[in-house]
Amino acid sequence: MGSHLPPYGTDSTYLDGQLLVAMPGMMDERFARAVIFICAHSAEGAMGIILNRPAANVTMPDLLVQLEIVPEMERIRLPQKVGNMQVLMGGPVETSRGFVLHSPDFHLAQSTLPIDDGICLTATIDILRAIAAGRGPENAVLALGYAGWGAGQLETELQANGWLNTPADAEIVFNTAADVRYEMALRRIGIEPAMLSMEAGHA
């Protein structure tokens, strides 16, 4: 017989590395029009990062100074790329904690979680130090906080048609402006955003 896998991979229902796109009927205001990258999903629950909510009035250099990674007078010397790095409000849980989604060219043993081919997650201060020193990953976005679901909660929301899902890719995560990610993710699924807003208009 050998140890061949069951015909349906037992992990096939888990959405790690997928984008969740909120449907117009999403009742939870915190997730209206949200695009969420799912970092981890198992029988115990799920966690993800909202990709289309830029942090108001917070820049990467601000954070590096606030966390005392860079002294205030050094901030002017930071590489331009660091100044341009996106800072997102990643979700309502642990909003004072930073989560960096980044390209796989940077890896910290015990700290970096590879999610799929092009995207990893690191949530330790060491990655911010590396970024400040110009030794960070080629592509990165920083999120403050994350979205979390308890056991079975995300599955229930999916069944209630609160979300659609589509495979994520590095292009949408790193190289797309936050304000167009929602439309771009919908188009990936094959939905024209204008059609959706017309239907939602008289809900």
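The values are calculated or read from the model by the stated rules, or taken from the named source; none is laboratory data. Model, not experiment: these values are computed from the prediction. Because the Cβ atoms are built from the backbone with ideal geometry, glycine has one as well, and the counts that use them run over all protein chains shown. Note: areas computed on protein heavy atoms with side chains; ligands, DNA, RNA excluded. Shrake-Rupley method; radii C 1.70, N 1.55, O 1.52, S 1.80 Å.
Each residue in the range 18-52 was checked for being surrounded by fewer than 19 Cβ atoms within 10 Å (Cβ to Cβ), among the small types (Gly, Ala, Ser) and in contact (Cβ under 8 Å) with a residue 12 or more places away in the chain, and 5 pass.
The set of residues from the range 145-163 being aliphatic (A, V, I, L, M) and either over 19 Å from GLU44 (Cβ atoms) or in contact with a strand residue (DSSP E or B) (Cβ under 6 Å, 6 or more places away or on another chain) (or both) comprises ALA147, ALA151, LEU154, ALA160.
Of all the listed residues (LEU113, LEU101, LEU108, LEU144), the sole one being within 15 Å of the chain's Cα centre (by Cα), of a type in the set (A, V, I, L, M, F, W, C) and farther than 20 Å from ALA177 by Cβ is LEU113. Checked against the criteria, LEU101 counts as in contact (Cβ under 8 Å) with a residue 12 or more places away in the chain and in a strand (DSSP E or B). Residues that are open to solvent by less than 70 Å² (accessible area, probe 1.4 Å), more than 17 Å from LEU144 (Cβ to Cβ) and outside any helix (DSSP H, G or I) within the range 53-90 comprise VAL70, LEU78, PRO79, listed in sequence order. Only residues that are among the aliphatic types (A, V, I, L, M), surrounded by fewer than 17 Cβ atoms within 10 Å (Cβ to Cβ) and part of a strand (DSSP E or B): list them for the range 104-129, please. The one that is among the aliphatic types (A, V, I, L, M), surrounded by fewer than 17 Cβ atoms within 10 Å (Cβ to Cβ) and part of a strand (DSSP E or B): LEU113. Within the range 120-135, is even one residue under 22 Å from VAL21 (Cα atoms) and in contact with a strand residue (DSSP E or B) (Cβ under 8 Å, 6 or more places away or on another chain)? Yes - at least one qualifying residue is present in the range 120-135.
Whenever a residue of the range 55-68 is free of Cβ contacts under 8 Å to residues at least 40 places away in the same chain and within 17 Å of PRO79 (Cα to Cα), its partners that are of a type in the set (A, V, I, L, M, F, W, C) and outside any helix (DSSP H, G or I), lying with C-beta atoms within less than 6 angstrom and at least six residues away or across chains, give the pairs PRO61/LEU78. Test ASN165 against the criterion of being more than 20 Å from PHE31 (Cβ to Cβ), open to solvent by 20 Å² or more (accessible area, probe 1.4 Å), modelled with pLDDT under 95 and of a type in the set (S, T, N, Q), and give yes or no. Spelling it out, it is not the case that ASN165 is more than 20 Å from PHE31 (Cβ to Cβ), open to solvent by 20 Å² or more (accessible area, probe 1.4 Å), modelled with pLDDT under 95 and of a type in the set (S, T, N, Q). The residues of the range 115-159 that are of a type in the set (Ser, Thr, Tyr) and modelled with pLDDT under 95, listed by number, are THR124, THR156.
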